[in-house]
Amino acid sequence: MTTITEAKVLITCPGRNYVTLKIATSDGVTGIGDATLNGRELSVASYLRDHVCPLLIGKDPSCIERIWQYLYKGAYWRRGPVTMTAIAAVDVALWDIKGKRAGLPVYQLLGGASRDGVTVYGHASGEDIPGLLDEVGRLLDRGFRAVRAQAAVPGVGTVHGVPEGQRNAGEPAAVERPLVEGWDTGRYLNWVPRYMAMVRQEFGHGFHLLHDVHHRLTPIEAAHLGKSLELFRMFWIEDPTPAEDQEAFRLIRQHTTAPLAVGEVFNSIWDCQYLITERLIDYIRTSVSHAGGISHLRKILSLAELYGVRSGAHGAGDVSPVSFAAALHVDLSVQNFGMQEYMEYLPPCQEVFKTTWSFEDGLMHPGDAPGIGVEYDEEAAARFAYDPKYLPVNTLADGSVHDW
Ligand code: CS2
Ligand code: MG
């Protein structure tokens, strides 16, 4: 029997922090999985190193579901971002190994391609409306068929966590304590319809337009936003309210036809069961790396398919190229694919993670290399030392903490 002989945790920071699990087998095959949890990286590294890796040694790497259940049920303590990110890393590494041993790309093991390519959306973020329009134009010129549009709210000064164009959305601040950002719902609600109108006026309706609220509104405020954007035919409005308040979506639905997407912070099927079965959302944004890997994400998407909910996987820069590639394999294979986020990766990151995916005419393909199609260059990774960072904290004008 082939067995797992080694499982090691690798940490690097080629522009941002990534944690990767590498598993080796007795027949000389290696597989990798992404274990990155933005701003809380070392907690997953420890969970893997101290509690999971020793348990993997000697196990049969072909038994992916069995190992998944062993780690999930065996721990007694279930779900949660740390546990589920760790299990996801093991799961993806084992799918990578299975693909390499079979000589097939993972999407072929998942039933083959349901489509020619995966539609991805790029990020257009502007400090002001001209800056936003430039970014939208830049993405459309490059062939993107879908664009997420965000412009800094005047008087608030951030583009959903991006002060003065220094960072990509979601990238943690390089400080010892979290950066404190400000928020003003009234100004925001007046501002978004103004710039969406200009985006449609300038570029027309021949592409998908998306927007991320980042959990900042109450249900009735979100309903107002949805109504005010209906003319611009949004592809989706993402995370309009804090994701854990699931009943909130019913109220939003009663007032607007804007399609709703949620779930990048969910980590199991149990977090979205109600939203899906009650048809309170249109897109489920659970990712490979934060929702238990390919095996568990496929269960979520199978449930979603029954209720007409489509996928919309999180693919921000903190999702490493390993789980982004894994997402492309899932996206290509499932029937109810909706949309995939693609933030692109900086050159230093491409030195560490050698990828085989392609982008053409707005569609991505994971490539046909056996496994996931990403190789990790340990020597290159060693040049980029871990750099502890926090995600920002969001506050209102009176100093009280608000959702981020
Ligand atoms: C954002 C993310 O891309 C998105 O939709 O919500 O950038 C998010 O802020 C980060 O992934 C948090 O780690
Ligand atoms: Mg988001």
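The values are calculated or read from the model by the stated rules, or taken from the named source; none is laboratory data. Everything quoted here is computed from the prediction, not taken from an experiment. Virtual Cβ from ideal backbone geometry, glycine too; neighbours counted across all protein chains shown.
Exactly one condition in (1) at pLDDT below 95; (2) loosely packed, with under 13 Cβ neighbours inside 10 Å; (3) among the charged types (D, E, K, R) is not met by GLU360; state its number.
In the conditions (1) at pLDDT below 95; (2) loosely packed, with under 13 Cβ neighbours inside 10 Å; (3) among the charged types (D, E, K, R), GLU360 misses (1) alone.
Restricting to region 62-82, what's the tally of residues that are without any contact (Cβ under 8 Å) to a residue 60 or more places away in the chain and of a type in the set (Ser, Thr, Tyr)?
2
Which members of region 141-189 meet the condition of being out of contact with any helix residue (DSSP H, G or I) (no Cβ under 6 Å at 6 or more places or on another chain), closer than 14 Å to TYR342 by Cα and modelled with pLDDT of 95 or more?
Those that are out of contact with any helix residue (DSSP H, G or I) (no Cβ under 6 Å at 6 or more places or on another chain), closer than 14 Å to TYR342 by Cα and modelled with pLDDT of 95 or more: ARG142, GLY143, PHE144, ARG145, ALA146, ARG148.
With (1) within 16 Å of ligand 2 (Cβ to nearest atom); (2) buried (at least 24 other Cβ atoms within 10 Å of the Cβ); (3) over 25 Å from SER43 (Cβ atoms); (4) not basic (Lys, Arg) as the list, and LEU328 as the residue in question, which single condition is left unmet?
Failing condition for LEU328: (1).
Checking the condition of a type in the set (Ser, Thr, Tyr), touching a residue at least 12 places away in the same chain (Cβ under 8 Å), within 30 Å of THR185 (Cβ to Cβ) and touching a Pro at 6+ places or on another chain (Cβ under 7 Å), which residue from THR286, THR241 passes? Steps first, please.
Working: THR286 fails: touching a Pro at 6+ places or on another chain (Cβ under 7 Å).
Exactly one of THR286, THR241 is of a type in the set (Ser, Thr, Tyr), touching a residue at least 12 places away in the same chain (Cβ under 8 Å), within 30 Å of THR185 (Cβ to Cβ) and touching a Pro at 6+ places or on another chain (Cβ under 7 Å), namely THR241.
Restricting to region 177-192, count the residues that are in contact (Cβ under 8 Å) with a residue 24 or more places away in the chain and either assigned to a loop (DSSP other than H, G, I, E, B) or surrounded by fewer than 16 Cβ atoms within 10 Å (Cβ to Cβ) (or both). Write out each step before concluding.
Taking region 177-192 as the starting set, the residues that turn out to be in contact (Cβ under 8 Å) with a residue 24 or more places away in the chain are 177-185, 187-189, 191-192.
Remaining after also requiring either assigned to a loop (DSSP other than H, G, I, E, B) or surrounded by fewer than 16 Cβ atoms within 10 Å (Cβ to Cβ) (or both): 177-180, 183-184, 187.
Matching residues across region 177-192 total 7.
Given the conditions (1) part of a loop (DSSP other than H, G, I, E, B); (2) over 21 Å from ILE300 (Cα atoms); (3) of a type in the set (A, V, I, L, M), which single one is not true for ALA243?
Against the list (1) part of a loop (DSSP other than H, G, I, E, B); (2) over 21 Å from ILE300 (Cα atoms); (3) of a type in the set (A, V, I, L, M), ALA243 comes up short only on (2).
Against the conditions (1) surrounded by 15 or more Cβ atoms within 10 Å (Cβ to Cβ); (2) touching a Phe, Trp or Tyr at 6+ places or on another chain (Cβ under 9 Å), where does HIS314 fall short? Just the number, please.
Evaluating HIS314 over (1) surrounded by 15 or more Cβ atoms within 10 Å (Cβ to Cβ); (2) touching a Phe, Trp or Tyr at 6+ places or on another chain (Cβ under 9 Å) leaves (2) as the failure.
If only one of THR355, THR395 is crowded, with 17+ Cβ neighbours inside 10 Å, of a type in the set (Val, Ile, Thr) and assigned by TED's automatic domain parsing to the domain that holds PRO219, which one is it? Give the steps one after another, and end with the answer.
On the way: THR395 fails: crowded, with 17+ Cβ neighbours inside 10 Å.
Exactly one residue qualifies, and that residue is THR355.
Answer yes or no as to whether TRP404 is under 22 Å from GLN108 (Cα atoms) and in contact with a His (Cβ under 7 Å, 6 or more places away or on another chain).
Values: under 22 Å from GLN108 (Cα atoms): no; in contact with a His (Cβ under 7 Å, 6 or more places away or on another chain): yes.
For TRP404, the condition - under 22 Å from GLN108 (Cα atoms) and in contact with a His (Cβ under 7 Å, 6 or more places away or on another chain) - is not met.
Would you mention how many residues in region 263-273 are touching a strand residue (DSSP E or B) at 6+ places or on another chain (Cβ under 7 Å) and either more than 12 Å from TRP236 (Cβ to Cβ) or β-branched (Val, Ile, Thr) (or both)? Before the answer, list the steps.
From region 263-273, those touching a strand residue (DSSP E or B) at 6+ places or on another chain (Cβ under 7 Å) are 263, 272; that's our starting set.
When the remaining residues are screened for being either more than 12 Å from TRP236 (Cβ to Cβ) or β-branched (Val, Ile, Thr) (or both), the result is 272.
Going through region 263-273 one residue at a time, the tally reaches 1.
Among (1) surrounded by 24 or more Cβ atoms within 10 Å (Cβ to Cβ); (2) modelled with pLDDT under 95, where does SER289 come up short?
Tallying (1) surrounded by 24 or more Cβ atoms within 10 Å (Cβ to Cβ); (2) modelled with pLDDT under 95, SER289 fails exactly one: (2).
Give region 209-265 a look and list any residue that's surrounded by 22 or more Cβ atoms within 10 Å (Cβ to Cβ), of a type in the set (A, V, I, L, M, F, W, C) and in contact with a Lys or Arg (Cβ under 8 Å, 6 or more places away or on another chain), or say none.
Within region 209-265, LEU209, LEU210, ALA258, LEU260, ALA261, VAL262 meet the criteria.
Considering only residues that are more than 24 Å from ILE281 (Cβ to Cβ) and under 17 Å from the mean Cα position of the chain (by Cα), which ones fall in region 335-348?
Those that are more than 24 Å from ILE281 (Cβ to Cβ) and under 17 Å from the mean Cα position of the chain (by Cα): GLU344, TYR345, LEU346.
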